[in-house]
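Just so you know, all these numbers are worked out from the coordinates, no wet-lab data involved. Bear in mind that the values here come from a model prediction, so they are computed numbers and not experimental data. Positions of Cβ are backbone-derived with ideal geometry, glycine not excepted, and every protein chain shown enters the neighbour counts.
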Amino acid sequence: MIWGSVVNKPGSSSRNELRIALVAAAIVFFFLLLAFRLWQVQLLQGAEHRRLTQRQSIRPVLLNPARGRIIASDGMVLADSISKYDLVAHLSEMRQPGRVGKTISYVLACERMLAASLGREAGLTEAKLKRHLYQHPVMPLLLFADLNAAELAKAAELSPPLPGLETVPRIERGYKLPAVATHLLGFTGKKLPQSDGLDEEFSRVYVSPELSGRSGLERRYDELLSGKAGARLLKVDSQGYVYEDLRQGLAPSHGNDLILSIDSHAQLAADAVLQGHKGALVAVAVHSGAVLALASSPTYNVAGLTQRRFQALLRDQEGRPLLNRAVDGMYTPGSIIKPLIALAALEQGLIQPEEEYFCSGRYMLGNHAIRCAKRSGHGWISLQEAVTYSCNPYFIELGIRVGIDRLQEYFKAAGFGQKTGIDLPESSQGIAPERDYALRHWQRNWLAVDSAYISIGQG
């Protein structure tokens, strides 16, 4: 007998069933794991994957807001946002078949032709064009800035035959009187715009700089004047070229206007008085404290202020045109301090209004003489006459009687050594005379001659 009967060994059937069960369990576990992963990717992480996919194909381009106006109390607009026009190229519409080199050659040839037509100098280089193509393909490429009326008309003629060209407005800061109230208004520079609700990565790449206050009221109220940038959404291909404008996004929120207490006529008069001189002039409404005019000289023309011009102004150490002498200059007060000295003496009971003092034309401190404006002297004069004639010896006598320790209390109460509170970022706080000042700065004790000079506003 060739074939024998098959005899199952005891327990072999159960082992086979166990193997089959283990394989089946492994298969079931694998499919359960796969199902869980699909559920995790599609449901739990679906929104994130969709966002990443959109990030690769949708690019927001930030739209700069218009900066708020600065307006005088009588309605004159001192600073405004004005539109200038640039000729730009949309490279996605100028692409040539084949390698990127063909597109570069074509755009450079177009730029040279446009330069000849507009009477401008061709400034686009291959390196600049390549950098723009690789870093900012979505953004239009600036070809020519600040087109005048004739150039705008010529650009309109050239645009249809050359696809991809566009004349676009650009917001700049304009000043009604560019050499007036310069230190008060200040000037602007460029910064990256801020916008709510936009992805930070996009905001850093597809932007054009917006205006930012760098000095004066432009800086102090920059947040109020600036507004918030908006955005338009564009679809791009894998190389970053635009193929569809989605016509949606976020509209820019324009800046707020700033209305001043300044009277434009008073400001013009103040600047005119100072022209050709070095100094400052401030006109204040007596009862309200409102500043009606604030001028400093030498000044400068803020229109078209470039980095090169700014550096030249910064190097001018003789005229120092960038210094706002009205709020940032450090000066001795002069004779306007004398009524305060009189007040201190009266309140301390050291003098009576009718009491007279003999002015010989000078005040002697040892061998040191401090002269009066009237060299022959005023003779016997009362407090009222001393104020009227601004008599130096009279107020020196009062200051020495009061003494520096009590005088410094009056100086501080009058605001010396403190900022005035004017809303300009460049303001200084000045110095309040005190006994310790001599020790800190001159390495000696306070002397009677120091009290004498500060009592006539010359210390």
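Given a Förster radius of 25 Å and the C-beta distance between GLN307 and TYR134 as r, what FRET efficiency does 1/(1 + (r/R0)^6) yield to the nearest 0.05?
Numbers: r = 26 Å, r/R0 = 1.06.
FRET efficiency, GLN307 to TYR134: 0.40.
Potential lengthening of the chain between ASP257 and THR388 amounts to 42.6 nm, from the contour at 0.36 nm per residue minus the alpha-carbon distance. Run a plain Debye calculation on the stretch 112-163 (Cα atoms as equal point scatterers, no solvent) and give log10 I(q)/I(0) at q = 0.18 Å⁻¹, rounded to two decimals, same order as the q list. Ignoring solvent entirely, the Cα scatterers give -0.68. Listed by chain and number, the lysines placed with their C-alpha closer than 19 angstrom to that of LYS338 are LYS374, LYS412; residues fewer than eight positions away on the same chain are left out. Extension gain for ALA153 to ASN367 (0.36 nm times residue separation, less C-alpha to C-alpha distance): 68.9 nm.
As a calculated quantity, the FRET efficiency between VAL100 and PHE29 at R0 = 35 Å, using C-beta atoms, amounts to about 0.10. Packing, as the average of other Cβ atoms within 10 Å across residues, places the peptides 368-375, 312-319 in the order 368-375, 312-319, highest first.
Max-minus-min Cα coordinates of the stretch 334-455 on each principal axis give 47, 33, 27 Å, with the largest extent listed first.
Give LYS191/LYS419; LYS84/LYS128; LYS128/LYS176; LYS154/LYS191 a once-over and call out the pairs whose C-alpha atoms are over 25 Å from each other. Mind dumping the intermediate values first?
Values: LYS191/LYS419 29 Å; LYS84/LYS128 23 Å; LYS128/LYS176 36 Å; LYS154/LYS191 32 Å.
Where the Cα-Cα span goes over 25 Å, the pairs concerned are LYS191/LYS419; LYS128/LYS176; LYS154/LYS191.
Using the Cβ-Cβ distance between ASP328 and LEU350 with R0 = 45 Å, the FRET efficiency computed as 1/(1 + (r/R0)^6) comes to roughly 0.80.
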